[in-house]
Amino acid sequence: MMSDRVAGLALADHPVPTLVTSLGGEIRYANKAALSALGLGELDPCHPPLLDEWATLRGTDLGEMLAMAAASSNWLPLRLQRGEDTLHLRARGLPAGDGARPAVLMTAAANATADFRTHSQQIRKLNEQLALHRRTEAKLKASVEASEILKRELVHRVKNNLSIMSALLRTEARSAQDGAISAALLEASGRIMSISVVHEILDEAGHADEIDLKTVLTLLVDRVRESICPAHVTLRAQVCPVSANINKALPVALLVNELITNAIKHAFEGRAAGRIDVTLRRRPGGCRLQVSDDGIGMLPDAHGVQRRPRIVTALADQLGAERTCVVEGGTEWTIDFSL
């Protein structure tokens, strides 16, 4: 082909010695610079010369070196010596067509050995850096795992301590002679129990970040029902599964406890029966929490102003929530918050 002829002519006059040999050392092609460097005249295709007069500088068998080069797609340094003459070459396999015999392409490179040495040093440094990176990564992984274990242990201990505190306050409330003191102690016990429920579920889940609000609120309602809910009041929960961060779960649990406790205390005075419902549903961008009762509603204070529990307001603000309270045939609180 014309392109092959042009390429051959360009290579023939190229100043860099270039030659192609067989695995047996037969010189199949050599440009003018290569012929001069080898001390050869024009090639005879019928009787190609051999490199048998040349030996590798390191004493390695020339045939082995050519076989290695033929199998490599990268340049390998090759130094040939004949008497006092030394050729600094680089060699690699020459892609062969179908049925073609393997061949080796060589070009002169005065610094081929130095380049190879430099390349080897760079690879060695990269391997050292990679090993250091892996050791550092292993240390960081071990540190993260240790941190997770400590967090789980902390959650476990906090849960146990909160449970003990809540139980102690309930015990003190039962033994208190003053009704107001007993009520205050029970309120404090209930709030601590709400926080304890969140940590109990975190402890069972084995992590300290995300928590299912359905599990939290269902367990909290059960605990309130068992501890302070009168037999004539029905306490129900209908909660959908919602995964939330602990920073959201804690104020939600405290809110529900506060609203249920207020309803139990004030909504059913003089009533033979009552009902409290807790619902949590998803809504676009977050959730809607509702706590409602069919009681007598929130009575005004001594000045005729309807009561607004300060703790409920503070917890709703902590959630960044919108809140409404409707008093009609009972009391219904609606808390809309984002996740």
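Readers should treat all values here as calculations from the given coordinates under stated rules, not as data from a laboratory. Fair warning: this is a prediction, and the values are worked out from it, not measured in the lab. Positions of Cβ are backbone-derived with ideal geometry, glycine not excepted, and every protein chain shown enters the neighbour counts.
Structure summary
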item: Of 22, 47, 121, farthest towards positive along the dipole that unit charges on Lys, Arg, Asp, Glu beta carbons give the chain; result: 121
item: DSSP bridge orientation in the range 212-339 - percent antiparallel, rounded to nearest 5; result: 75
item: Top of 91, 321, 142 by mean-square fluctuation, Gaussian network on the chain, Cα under 10 Å; result: 91
item: Dipole magnitude of the chain, debye to nearest 20 (Cβ charges: Lys/Arg +1, Asp/Glu -1, about Cα centre); result: 660
item: Residue order, fewest to most surrounding Cβ atoms within 10 angstrom, among 326, 224; result: 326, 224
item: Theoretical FRET efficiency, 1/(1+(r/R0)^6), r = Cβ-Cβ of residue 163 and residue 138, R0 51 Å, to 0.05; result: 0.85
item: Net charge of Cβ neighbours under 11 Å - reference residue 189; Lys, Arg +1; Asp, Glu -1; result: +2
item: Net charge of neighbours whose Cβ lies under 13 Å from the Cβ of residue 164, counting Lys and Arg as +1 and Asp and Glu as -1; result: +1
item: Reachable aspartates and glutamates from residue 248, criterion Cα separation under 20 angstrom, eight or more residues apart if same chain; result: 200, 203, 204, 209, 210, 212, 258, 317, 322, 336
item: Listed residues 144, 230, 83: farthest to the positive end of the dipole of the chain (Cβ charges); result: 230
item: Surface/4 of the Cα convex hull for the chain, nm²; result: 33.0
item: Euclidean distance of C-alpha centroids, the range 78-93 and the range 152-181, integer Å; result: 88
item: Spatially proximal lysines relative to residue 139 (Cα-Cα < 20 Å; intrachain offsets below 8 disregarded); result: 151
item: Amide proton proximity set for residue 72, modelled H, under 5 Å, gap of 5+; result: 93
item: Intensity falloff of the range 118-259 expressed as log10 I(q)/I(0), Debye formula with alpha-carbon point scatterers, at q = 0.09, 0.22 Å⁻¹; result: -0.43, -1.29
item: Candidates 288, 323, 271, ranked by Gaussian network fluctuation over the chain, Cα under 10 Å, top entry; result: 271
